[in-house]
Each structure stands twice: as C-alpha cells, then as structure tokens.
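A short write-up of the structure that comes next.
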Amino acid sequence: MADLKETRDYANFDPYWYVECNGIEEMEDDLDSLHRIFNECDIRGKRLLDIGTGPAIYTVISASNYVDEIFLSDYAPQNREYLTKWWKGEISYPKDIIDYVIEEENRHMTTKQREDEIREKVKGIYPIDIMSKQPLGFDINDNKFDVIVSGHCLDEVAQNITEFQRCIQNVSSVLNEGGFLIFSCDFGATYYQVGEYKFPGKSFTKDEVKQTVLDAGFSILSYIEISAIGDKYWDAEGYYYIVARKN
Ligand SMILES: C[S@@+](CC[C@H](N)C(=O)[O-])C[C@H]1O[C@@H](n2cnc3c(N)ncnc32)[C@H](O)[C@@H]1O
C-alpha cells in the first residue's frame, strides 16, 4: 500500500471504484448486522435518513422493510450523482448483495423487484455536512427523522474525539426524540483505500464512542462487534454497530 496517495479530500473518492471493490465478500458482515438490528431491535419509523451513504445503498436494504420514506445523503457531489443515477435506474447495485439480503429475508422476488422496492421508498438525496450545526443546510423544524443510519462515516469524518462529539450532536439535532440512531465505527484502522488514495483512519476507543453517545442523550440498545482482520482495502482490526435511542 506504500504507493497510495494520502488524502482527506473527498473529491478524491471514486464512487465507481468503491462499489466495485466492496462486493459481497466485503459486505456480508454489514448485511448480517443490519438484518439482525432491524429484526431484533424493533426499529420502526416513518422517515429514515442515511448519512454519508457514499455510493453504497446496502445500509438501507433491510431498513426499507421498516420505514415508509428513505432519504439518502452525502457530502461529495460525485457520490450524490452516483446515487441519483441509481435512483433513476441507470445503475444497479451489485446483484449478489441484494440477493444475499433477499435470501436472509426469505422473500421470493427478483433482484430488480427488491431494488425497485427500495428505490420507491427513496424520497430524496441531500447534500450533508455532519460537521455543521445544521447538517442538511436548512432548519428542519418539525420535520425531523425517526431513524438515522450511517455506515462507516461518522468516525471517518471526525478527526478527533471532540469533533466526533460535535458530529453526534449535529446528527442528533435532526432526529426526533425516541428516534433511533444506528451507525458503524472502525477500530484500530490507520487508513482505508479508495482507488489510488488512502483516507486516514481514526482511533477513538470503543468506550469513548459509547460515552459520547450516552452524553449526547441516547440510550444504547445494542452493540455488535465484527472482526475486519484480513480485509483488503483497510487495516482496521474490526468495527462495530451501535444501536441507540434518543431519550
Ligand atoms: C467510508 S465512506 C462510507 C460510505 C458508505 N456509507 C459505506 O458504508 O460504505 C464515508 C462517506 O462519508 C462522506 N463524508 C465525507 N465528509 C462528510 C461530512 N462532512 N458529512 C457527511 N458525510 C461526509 C464521504 O463522502 C463518504 O461517502
């Protein structure tokens, strides 16, 4: 990995590389975790916001059975463009990822039917900056979300634990009381690869992350830890999903 160029600039994030190189082998544990979380934690709500979707809609496959409306979001314009093409049906998400979830759900339908079902629930694709006090760039007043999902984003964006605390507070500001926050976080990572670039990893401890969530006024409902040793495109020891409910 010595010849990868280090960057923090998300303009260097190539959505096509990212989807191609994060196939079913890399995604199984995430898909299992999300399937389990939505089945076992009684997550329900009308409006779901996925934060830092990138070009990867795996975070909303299981979720789509439990909410009425889905909003995707990302900071990088090229990722939002990719998502828009996917939403319009110009791009398909990898078939084996969708099929894997269909099988977990024990449903009998084609990949296209399941993918179109998700597309129909998507009601918007927003620019977002979780470093901002107004992450969506407007005051959402009485129109907050009931469920927020975020895969491998919050800890990638925050450069230190103080910024992570701010990000959690900013994210919480668009979530209804009683709403659910489901996110994954890496540990032991120094970088993750996207194309010819490497984005630096962070090293918040699990206890720091949990305490941040509690201090921001959430109760933790579930914690699932996964080993990542041997993964090709990052050097994390592992990652975990936290399911929390806003008090
Ligand atoms: C590692 S990717 C995760 C993508 C996808 N959610 C997944 O799990 O594979 C991190 C994402 O965070 C987005 N991002 C970067 N800065 C951000 C910010 N300030 N606010 C929200 N998202 C941001 C990036 O554009 C990128 O899509």
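The values are calculated or read from the model by the stated rules, or taken from the named source; none is laboratory data. Model, not experiment: these values are computed from the prediction. Every residue, glycine as well, gets a Cβ built from its backbone with ideal geometry; the counts of neighbours run over all protein chains shown.
General observations
- Long-range neighbours under 6 Å by Cβ, at least six apart or interchain, first residue farther than 17 Å from I70 by Cα within the stretch 32-51, second modelled with pLDDT of 95 or more and surrounded by fewer than 19 Cβ atoms within 10 Å (Cβ to Cβ): S33/I224; C41/L221; C41/S222
- Residue in the stretch 14-34 that is modelled with pLDDT of 95 or more, within 12 Å of the ligand (Cβ to nearest atom), among the hydrophobic types (A, V, I, L, M, F, W, C) and surrounded by 22 or more Cβ atoms within 10 Å (Cβ to Cβ) present: yes
- Taken together, I91, I57, I70, I51 contain a single residue that is more than 11 Å from the ligand (Cβ to nearest atom) and crowded, with 23+ Cβ neighbours inside 10 Å, which is I70.
- Of all residues in the stretch 57-81, those satisfying the criterion of being more than 21 Å from N39 (Cα to Cα) and under 12 Å from the mean Cα position of the chain (by Cα) are L72, S73, D74.
- Residue check for I229: surrounded by fewer than 18 Cβ atoms within 10 Å (Cβ to Cβ) and either among the hydrophobic types (A, V, I, L, M, F, W, C) or out of contact with any helix residue (DSSP H, G or I) (no Cβ under 8 Å at 6 or more places or on another chain) (or both): yes
- Residue in the stretch 1-8 that is of a type in the set (S, T, N, Q) and either part of a helix (DSSP H, G or I) or more than 30 Å from G137 (Cβ to Cβ) (or both) present: no
- Note on the stretch 196-222: among residues that are more than 22 Å from E177 (Cβ to Cβ) and not charged (D, E, K, R), the one that is nearest to the ligand (Cβ to nearest atom) is F199.
- Of all residues making up the stretch 164-184, the number that are in contact (Cβ under 8 Å) with a residue 40 or more places away in the chain, within 11 Å of the ligand (Cβ to nearest atom) and touching a helix residue (DSSP H, G or I) at 6+ places or on another chain (Cβ under 9 Å): 3
- Boolean, R114 is farther than 17 Å from K46 by Cβ and either within 16 Å of the ligand (Cβ to nearest atom) or under 16 Å from the mean Cα position of the chain (by Cα) (or both): no
- When we screen A216, A158, A189 for residues that are over 18 Å from the mean Cα position of the chain (by Cα) and either at pLDDT 95 or above or under 27 Å from P15 (Cβ atoms) (or both), the only hit is A216.
- Scanning the stretch 121-143 for residues that are part of a loop (DSSP other than H, G, I, E, B) and either more than 14 Å from G54 (Cα to Cα) or more than 9 Å from the ligand (Cβ to nearest atom) (or both) yields a count of 13.
- Among the residues of the stretch 115-147, those that are in contact with a helix residue (DSSP H, G or I) (Cβ under 6 Å, 6 or more places away or on another chain) and of a type in the set (A, V, I, L, M, F, W, C) comprise I118, V122, I125, I130.
- Residues being closer than 16 Å to L72 by Cα and assigned to a loop (DSSP other than H, G, I, E, B) - total across the stretch 9-61: 7
- Residues of the stretch 149-163 classified as hydrophobic (A, V, I, L, M, F, W, C) and away from the ligand (no atom under 12 Å from the Cβ), total: 1
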